[in-house]
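Every number in this text was worked out from the coordinates using simple rules, so none of it is lab data. Owing to the predicted nature of the structure, the values given are computational and were not obtained by experimental measurement. Cβ atoms come from the backbone with ideal geometry, glycine included; neighbour counts cover every protein chain shown.
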Amino acid sequence: MEEHLSGEAVETQTLEDALDLYFFGDSYILSNDSRMGLLFLRPNFTMNEFFRLVEIEKIEERAAEIARVNGLSAGLTGMMVVGKDEMVTSEQGLGLSMMVAFILIILLLILVFRMKAVPLIVGLPLLLGIFWAMGLTGIVIHRLNIVTAMYMVALVGLGVDFGIHILAAYIQFRDEGMDFQPALVEAYRISGSGIITGALTTAAAFFALSFSKTEMISELGIVAGMGIICEMTAMLMMIPPLLSYRHERLIRKGKDDMNHARKIHISSTLTGGLGNFVKEQYRWIIIILLAIGILLITQTGKVQIEDNLMNMEAKGLESIELQDTLVEEFGMAADSLFVILDNPGEVSDLVDQLDDLDSVKSVDGISWFLPNRSEYQERLPLIENFQDQLNNLPPSEEVDADFLIEEIFRLEMNLIELGDMAYLSQLNRLSFELNELTGLDKDGIKTGESIFDRLTDTLSSYPAEELNSFQNLLRPLMLERLMDMANTEPISEDMLPELATESYISRDGSSYLISINPRQNPWIGDFRKILNSQVATVTDRGTGMILAADQMNDMARTDGLFSSILAVIVVFFLLLWDFRNLKLVLLTFVPLLLSLTSLFGIMALFDIKFDFVNIITIPLLIGIGIDDAVHINHRYLKEGKGKIDRVISATGTAVLLTTITTMIGFGSFIPSIMRAMRSTGIVLVIAMFLAFIYSVVLHPATLIIVREKLGWSIESWGTGSDEKK
Amino acid sequence: MKKILIITILFSLYLALSAQSAADIVDRADQIFLQNKLYQKSTMTIVRRGKKQAVQLLESYFQKEGARNKSLTLFLEPRRVKGTAYLSIGDDLWVRFASTGRIRKMSSSAKKNSAGGSDFSYSDMGEGNDGYAAKYMLSLEGEEKLDGLNCYRILMKPRPGSSDIYEKAVAFISKSDYSYRKIELYEDGAHIKTMTFDDYRPLGDGLYPYLMKMESHARNSYSLIETLEMEVDSSRVQDRFFSKSYLEAIR
């Protein structure tokens, strides 16, 4: 208007653009202070296309490049971006973790066994077992998920345990002066049953997970169970030929393997001392450890379950930080809930009902563009009336500048009042925009010239002829737009722009999408529960990651409990088959139960929450944790009464070593930047430590009491009186 | 048959007594809010997503006339809304804008909206003046300890035909002094707000909560109303305040 009135030639396109801006507004979504903008990207792949998620990096790079050229900065967020970040960070973490764990374990074994060939004797079957497990996984499941990938790292720590038990026993018998072959046979005889029972109980506990409803946990059960069996088989089959190879080489080199072995005193001072201590102080050990256990049991009820999926991701991820920025600046969350409907007639009602919910910021659906029949019928007379008025508009009249100035003043007053209401209602974005329009600052004080001041000035400064000339120029363009908008023809799907149909109608045209934008970040606090339960009162057809996260947590909880019970039952029968003595089996479960309850207690004390990744600790602990007590039982049954010190000294060393290697395997998750992996590492290390203390210290002390003091029989059924031993 | 009849009668009697008991408790707790000619000076602080917004200083006048509640609320701070006033008579609501000096009548549905951008709705703020006992069906759900205080736990459901915005509320009333301690408010199947009452001080024959907090769980925000001054049967409350003409005269 100013350009035209000042005598400049205004192009029709400029006028049309100005009118479009007036009618349809700005097409960008801007933040409260207009310093940030929001764009929605729709990739041509989905979250489920795991291996295409890396393509998001290309989008990130391109967005950053475009922003840089325009002097801006850009960042991406949303569940797919978080998913990609999760994949990249976990892959980075896992590769490094696996290498560190492998090197540490091999170094430890060389140091303890003082045998340079350990990397070959234990490392080769270890790798072979992992390859078998991965190969079988490929055949059976065809893929690794984040949990099974993590487990492959843990398998390094678990698989090496079988080798340690064999090597420790072999070296012990060589140390006692046996020749190569008898020492090997005796090592297999004395530790073989423990290894097989241990492997079977661990595998059984894992296989119990395969009955889980959660695909991820079920796959873990199968992969982990197969992994244990593969490792046990590889170790039992490969170690004798490898030891034999080493033995032959030493003989060829003229070295005496027996003398070499004699240098190694595997019955270390630590476990030897521990054995003596347990034998002498068994009463105090029971009292103190039981007291600690009971104390920790009292805390178990306080252990919490992490229900914020984002707390499981790496800290400082831009994609996660931007989610808070979205809520802060745009009042909306990055993740939406979705509803899919078959009947387009239901869309409008459902959109309205969902939009009324307190936890919902906005709802998008095709009804924004496509009114249903009743809405159309309701609006038709109004549109027809409007159309009539347009058709009967009198010819262009002269501009009444005074009348216009008065109307503009009224409009300005209305907008100032709206600004007051927006200010009072904390509608910051609206308040900011209205202040800009009316030239007020945040305190409501006039600080600059408003658009209305300029309009009033313009209208009062130019003669009527010039104003009339502008009106004549603008009138037909405006009328054309108004006539288009007053079209009474029913709107059908094929009239809609591609942007609308692509967003809200399925490709085959059979279903309609409603997108529900939450008011808050759904990953913080209890908001997700409020949103989900409110949406559930309107429709039971909601879907999306927000709902799936809770379902996953619920399933992990149910699955964790179910798998644990199943694992306990299977392990119980396996132990009964192995020991054939109910009392001994029940006693063997005591350290396991104490380990579990103490773990919960420690987690509660240190505010470590269970999540759907670290919940795998429970079945893992049942499977692995019971092994230590099983090995102690086997050795104690063979050594006999009064020799618990020797049992701990011999078996305890192997159990200590296996515990340390397992702790290294799981501990390698701790440096991971992914919080779920780190917490799994921490929880498993604590669990393994507890299992060691209760199995190698408390359990032998209990055996002394029940067998040697109370006279219970722990021998297998049908093998005669315990008194003879 | 006789036994069944006796059991049914006893059970019905028990239900009636327990309902009576819940009504008695809420009735006693309501008494402090059923005062007339109330003058109140208070601040309203809104904390949204951890960020404190400008504190509002308000002056309110309340008067009951038959079944109708009348109230006038005047904003003294912040500067942007100083002089803005709300007049409520029964279901009608008017607002006077200080910036333009004009008066607007609000839609009656505005009463369900947030009061002054806070987490309190106009309805929440006016609820106490009528008392909960009159508006809700009540049942005593049991007893519960709240911050070391033994409380009655009472379920409140809107009476049929009521236009209440909440589908239910759970009130915690102190057993020792029959004061409201907490009210949990439910809407569309979810616990969306929690109102807590604190800093009870003597007022008339009872105790009045000088600090009321409404926390919105769906919006990650809370609002505090801190009473600075309170008078019952106050001479400051005058009939002429409750008219449009007074609203027009405010400067």
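So how do A:174-181, A:115-122 stack up, highest first, on mean other-Cβ count within 10 Å?
A:115-122, A:174-181
Ignore the peptide's own chain and count Cβ atoms of other chains within 10 Å of each Cβ in A:537-544; give me the average, rounded.
1
Scan around B:Leu203 for amide H atoms under 5 Å from its own, H built in the peptide plane at 1.01 Å from N, and keep only partners 5 or more places away or cross-chain.
Amide H neighbours of B:Leu203, under 5 Å, 5+ apart: B:Tyr208.
Compute the semi-axes of the equivalent ellipsoid of the stretch A:355-455, taking the square root of 5 times each eigenvalue of the Cα gyration tensor, and list them largest first in whole Å.
32, 28, 9
Averaged over A:440-450, how many beta carbons belonging to a partner chain fall within 10 Å of each residue's beta carbon?
For peptide A:440-450, the averaged partner shielding equals 2.
For the stretch A:19-32, just list the computed ³J(HN,Hα) in residue order, Karplus coefficients 6.51, -1.76 and 1.60, θ = phi - 60°, integers in Hz, with x standing in for Gly and Pro.
Here the 3J(HN,Hα) series is 5, 4, 5, 5, 6, 10, x, 6, 8, 9, 8, 10, 6, 3 Hz.
Under the Karplus relation 6.51 cos²θ - 1.76 cosθ + 1.60, θ = phi - 60°, what is the ordered set of whole-Hz ³J(HN,Hα) values for the stretch B:59-76, x standing for Gly and Pro?
Rounded to whole hertz, the list is 10, 10, 10, 10, 8, 9, 9, x, 8, 9, 9, 10, 8, 10, 10, 10, 8, 9.
How do A:660-669, B:211-220 rank on mean C-beta neighbours within 10 Å, highest first?
Result, highest mean Cβ count within 10 Å first: A:660-669, B:211-220.
Using the structure shown, list the pairs from A:Lys213/A:Lys609; A:Lys446/B:Lys70; A:Lys529/B:Lys82 with a Cα-Cα distance above 32 Å, or answer none.
A:Lys446/B:Lys70; A:Lys529/B:Lys82
Averaged across B:33-41, how many Cβ atoms of other chains sit within 10 Å of each residue's Cβ atom? Display every interim value, and only then the final one.
Numbers: counts 0, 0, 0, 0, 0, 0, 0, 0, 0.
Mean number of neighbouring Cβ atoms from other chains: 0.
Answer rounded, prolate or oblate for the stretch A:325-545, using the Cα gyration tensor with square roots of eigenvalues a ≥ b ≥ c: rounded when a/c is under 1.5, else prolate when a/b is larger than b/c, else oblate.
It comes out oblate by the Cα gyration axes.
Taking amide H atoms as placed 1.01 Å from N in the peptide plane, list the residues 5 or more away in sequence, or in a different chain, whose amide H sits under 5 Å from that of B:Glu77.
Under 5 Å from the amide H of B:Glu77: B:Leu57.
I'd like to compare A:183-196, B:52-65, A:60-73: which one has the highest average count of other Cβ atoms within 10 Å, and what's the full order after that? Could you put the intermediate results ahead of the total?
Values: A:183-196: 19.4, B:52-65: 17.4, A:60-73: 11.6.
In descending order of packing, they fall as A:183-196, B:52-65, A:60-73.
Per-residue ellipticity at 222 nm for chain B, helices alone: DSSP H runs ≥ 4 residues times -39500 (n - 2.57), over residue total, nearest 500 deg cm²/dmol?
Result for chain B: -6000 deg cm²/dmol, rounded to the nearest 500.
Report, in deg cm²/dmol and to the nearest 500, the calculated mean residue ellipticity at 222 nm for chain A, where each DSSP H run with n ≥ 4 adds -39500 (n - 2.57) and the sum is divided by the residue count.
On the way: 26 runs with 477 residues, N = 725.
Value at 222 nm, helices only: -22500 deg cm²/dmol.
Could you pull out every residue, at least 5 positions away or on a different chain, whose amide H is within less than 5 Å of the one on B:Met106? Hs are placed 1.01 Å off N in the peptide plane, and Pro or chain starts have none.
B:Leu93, B:Trp94, B:Val95
Along the stretch A:194-210, what does the Karplus equation 6.51 cos²θ - 1.76 cosθ + 1.60 (θ = phi - 60°) give for ³J(HN,Hα), rounded to whole Hz, x for Gly and Pro?
After applying 6.51 cos²θ - 1.76 cosθ + 1.60, I find x, 5, 5, 4, x, 5, 5, 5, 5, 4, 4, 4, 5, 4, 4, 5, 5 Hz.
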